[in-house]
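Reading through the C-alpha cells given below for one structure.
Laboratory data are not the source of any read-out in this text; all were calculated from the coordinates shown. Nothing here was measured: the structure is a model prediction, and the numbers come from that model. Cβ atoms come from the backbone with ideal geometry, glycine included; neighbour counts cover every protein chain shown.
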Amino acid sequence: MHEAVDILSRYIRINTTNPPGNEAAGARFLADIFEREGIEYRTYESDPGRVSIRAVIHGSGAKEPLILLNHMDVVPADPAGFSFDPFGGDVRDGYVCGRGALDMKGIAVMQFMAFLALKRSGARPCRDLIFLATADEEEGGGKGGEFLLENHFDDFRAGVVLNEGGYGIAGMVPDRVAMLIAPAEKGPCWLRLTRRGVPGHGSAPHAQNALERMTRALGRLLAADLPVIITPTTAAYFRDLASVWKFLAPYAEDGRPETLARLLGESGLLGIPALNAMVRNTISLNMLASGSKINMIPDFAEAKLDIRLIPGQKVGDFISFVKETLADDEIMIEPILAADASASAIDTDDFIVLRDALQEHFPGSLVLLSLLSGFSDSRFFRERGIPVYGFCPIVITMDELSTIHGNDERISVGALARGCEVYEDVVRRLCK
Ligand SMILES: [Zn+2]
C-alpha cells in the first residue's frame, strides 16, 4: 500500500472533531513519526488538549522559510448521513474514506509526505521547511493559528505559506480541468443583533413588539442591493475564464470592471451562490430567537447574521452600512467574529513557481486564481504580511467537493498518490 494511504487511514481514525478538538491525539500521532524520522519538532498547547505541532528541516537560510500549513481538527460528522464509519479510515472502492479525507487531513498527508521526502533525500534546502499542523481551525483558530502567531511569532516567520483552499476541479468548466490557486479569502463579519420592546398580551397587538420590529428591520437589510465588487484576484479569475466562457469576451477585451459586472448580471451567473459570493459582500440571516409563548408579545429579539466581506472592504464601514440600512436605532449591533478579508500578492517568485508547476503537472488544465468565500488560518499570516496561497495539486469532481463538511467525505487513492508526487516536486522547487 502507498505509505500515504496508510498514514491517512490511521490519521482519520483519530477523532479530532471540533468541538472539542482533542488535537493532542493528532499531534501525538504526527510526533511519533517525526521521532522515528529524526525530525526536530515542538508542540504548543493553548488549552488542555488543544495542541498544535511544528516540525522543521533546517535550510541554508538563503530564503525565508516555507511553511506547509494544515489543521488537525475536523467538523462533526453525523454517522447517519455516512455510508461508512466517518472515523473508520477505511480504504474501499479506491477511496480513503472518512471525515477529514479532503478537509484537510488528506492535504496534510500530501504536505507531510513532501516534507518526509525532503528529509529522507538528505538535501539541504535553501530555506527552512516547516510543517505546521494547527488546532481549532474549524472554530475560528482562537486556540490554534491565532494563539500561535500572537504568542510565538518568532517560530512562524516565513517567506511563504501553503494552505488549503485551492483544488483542481473536473466539471467546473467544459472539457477542461480547472486548477485553482487561492491567494485571497473573504473576511468574516459575524454580527449579533438585539432589540428590546414592550411586553403585552397577544390579543392586543401594539407597535413595540420586539420581534416585529426586528424582522421589519432585517427585511430592509436583506432586501438591500449589494454591488458587484471586482478585486485583482477575481479580475484575473474571470479574465482567464474568458477562454472557455465565451460570453466574457467583451471583458477580456476591455478589462473594465463595469463590463464584467454587466456580463455577470446578464448571464445569470450571479444566480449561482458560489459565484455570487466571489464578487459580492454577502449577508445570511442564520439565527433568530424571540418569544416564549404564543399569546405573549415578546419584549426581546435576537438575530445572528453571517456576513462575508470581499478583500478591501472594511469591517467598520460595513457595520455602519448595516446600521443605516436596518434604520432602527434601538437595535444593538455586536460583532461576534470579525476580521478584514485577506489577499496575497500574485507577482511573487514563489507564486509563479506554484502556477507553473500546476500547468506542467496538469497539462491542458486551466489554472485559475480564486477568491475563497470561506476563511481559514491563512488570515493570521496575511495580517502579518506573509503571503499565503491555497494550493492542493489534485483533481476532484464537483461531487467529491460537496463532501467537504458534508456526508461521505473521501479522497481517491489515485488523487492522493498523485497529490503527494506533485507536492513533493513543488516543495523541491520552492526549496531549491
Ligand atoms: Zn479546512
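Pop out the ³J(HN,Hα) list for region 337-343 in order, Karplus 6.51 cos²θ - 1.76 cosθ + 1.60 with θ = phi - 60°, rounded to Hz; leave Gly and Pro as x.
Whole-Hz 3J(HN,Hα) from phi for region 337-343: 8, 9, 8, 5, 5, 10, 9.
Relative contact order of region 185-338, please, whole-number percent, based on alpha carbon pairs below 8 angstrom and at least 6 residues apart. Don't skip to the end; give the middle numbers.
Details: 237 pairs, mean separation 72.8, N = 154.
Contact order relative to length: 47 percent.
Per residue Cα convex hull volume for the chain, in cubic angstrom? Numbers along the way, then the final one.
Working: hull volume 69.0 nm³, N = 432.
Enclosed volume per residue, from the Cα hull, is 160 Å³.
Name the residues whose placed amide hydrogens come within less than 5 Å of the amide hydrogen of Thr17, ignoring near sequence neighbours (fewer than 5 apart) on the same chain.
Long-range HN contacts for Thr17: Val74.
Quick check: the angle from helix 315-326's long axis to the longest principal axis of the chain, C-alpha only, nearest 10 degrees?
Between the helix axis and the principal axis of the chain, the angle is about 30 degrees.
When a/c is below 1.5 the answer is rounded, else prolate if a/b is larger than b/c, else oblate, so apply that to region 128-207 with a ≥ b ≥ c taken from the square roots of the Cα gyration tensor eigenvalues. Don't jump to the answer; show the numbers that get you there.
Values: a/c = 4.49, a/b = 1.66, b/c = 2.70.
Oblate, since a/c reaches 1.5 and b/c is not below a/b.
Mark the label point 7 Å from the Cα of Arg216 along Cα→Cβ and return the residues of region 284-320 whose backbone N is within less than 19 Å of it.
Only 289-291, 296-303 fall inside the zone, counting backbone N under 19 Å.
What size of dipole, in debye to the nearest 20, comes out for the chain about its Cα centre when the only charges are +1 on Lys and Arg C-beta atoms and -1 on Asp and Glu C-beta atoms?
Working: 44 positive and 59 negative charges, 51 e Å.
Dipole size: approximately 240 debye.
Beta carbons within 10 angstrom, averaged per residue: use that to sort the peptides 227-234, 321-328, 159-166, highest first. Write out the running numbers ahead of the final one.
Values: 227-234: 18.5, 321-328: 16.0, 159-166: 25.0.
Output ranking for 227-234, 321-328, 159-166: 159-166, 227-234, 321-328.
Count the lysine pairs in region 185-338 that are 8 or more places apart or on different chains: how many have C-alpha atoms under 27 angstrom apart?
Details: Lys186/Lys304; Lys186/Lys314; Lys186/Lys323; Lys293/Lys304; Lys304/Lys314; Lys304/Lys323; Lys314/Lys323.
Pairs that pass both the separation and distance tests number 7.
Once you have the alpha carbon radius of gyration of region 8-68, what is it after dividing by 2.2 N^0.38 Å, with N set to its residue count?
Numbers: Rg = 13.5 Å, N = 61, 2.2 N^0.38 = 10.5 Å.
My calculation over the Cα atoms of region 8-68 gives 1.29.
What list of ³J(HN,Hα) couplings, whole Hz, do you get for region 272-281 from phi and the Karplus terms 6.51, -1.76, 1.60, once you set θ to phi - 60° and write x for glycine and proline?
8, x, 5, 6, 4, 5, 6, 10, 9, 5
In degrees from 0 to 90, rounded to the nearest 10, what is the angle of the helix 257-267 Cα long axis to the longest principal axis of the chain?
That works out to roughly 80 degrees.
How charged is the neighbourhood of Val5? Take every other residue with its Cβ under 14 Å from the Cβ of Val5, and add Lys/Arg as +1 and Asp/Glu as -1.
Numbers: positive: Arg10, Arg13, Arg92, Lys105, Arg410, Arg418; negative: Glu3, Asp6, Asp90, Asp93, Glu421.
So the surrounding residues net to +1.
Rounded, prolate or oblate: which fits region 114-156 when a ≥ b ≥ c are the square roots of the eigenvalues of the alpha-carbon gyration tensor, with rounded for a/c under 1.5 and prolate only if a/b beats b/c? Don't jump to the answer; show the numbers that get you there.
Values: a/c = 5.18, a/b = 2.11, b/c = 2.45.
Oblate is the answer for region 114-156, as a/c is 1.5 or above yet b/c matches or exceeds a/b.
Return a whole-number percent for the relative contact order of the chain, with Cα pairs under 8 Å and 6 or more residues apart as the contact set. Intermediate results must be reported in sequence, preceding the final value.
Details: 901 pairs, mean separation 110.3, N = 432.
For the chain, the relative contact order is 26 percent.
With unit charges on the beta carbon (Lys/Arg positive, Asp/Glu negative), name the residue among Ser52, Leu430, Ala207 whose Cα is farthest towards the positive pole of the charge dipole of the chain.
Positive-end residue among those listed: Ala207.
Considering all alpha-carbon pairs of region 275-432, what whole percent are spaced by more than 24 angstrom?
Values: 6742 of 12403 pairs.
Cα-Cα pairs of region 275-432 separated by over 24 Å account for 54 percent.
How many percent of Cα pairs in region 185-338 exceed 27 Å?
Details: 4543 of 11781 pairs.
I get 39 percent for the Cα pairs in region 185-338 exceeding 27 Å.
Give the angle, between 0 and 90 degrees and rounded to the nearest 10, that separates the Cα long axis of helix 23-37 from the longest principal axis of the Cα atoms of the chain.
10 degrees
What number results when the radius of gyration of region 1-41, computed over Cα atoms, is divided by 2.2 N^0.38 Å? Mind dumping the intermediate values first?
Working: Rg = 11.4 Å, N = 41, 2.2 N^0.38 = 9.0 Å.
So the Cα radius of gyration is 1.26 times the expected 2.2 N^0.38 Å.
Under 5 Å between amide hydrogens, which residues at least 5 positions from Leu180 or on another chain qualify, with H placed 1.01 Å from N in the peptide plane?
Amide H to amide H, under 5 Å and 5 or more residues apart or across chains, Leu180 pairs with Tyr167, Gly168, Ile169, Leu368.
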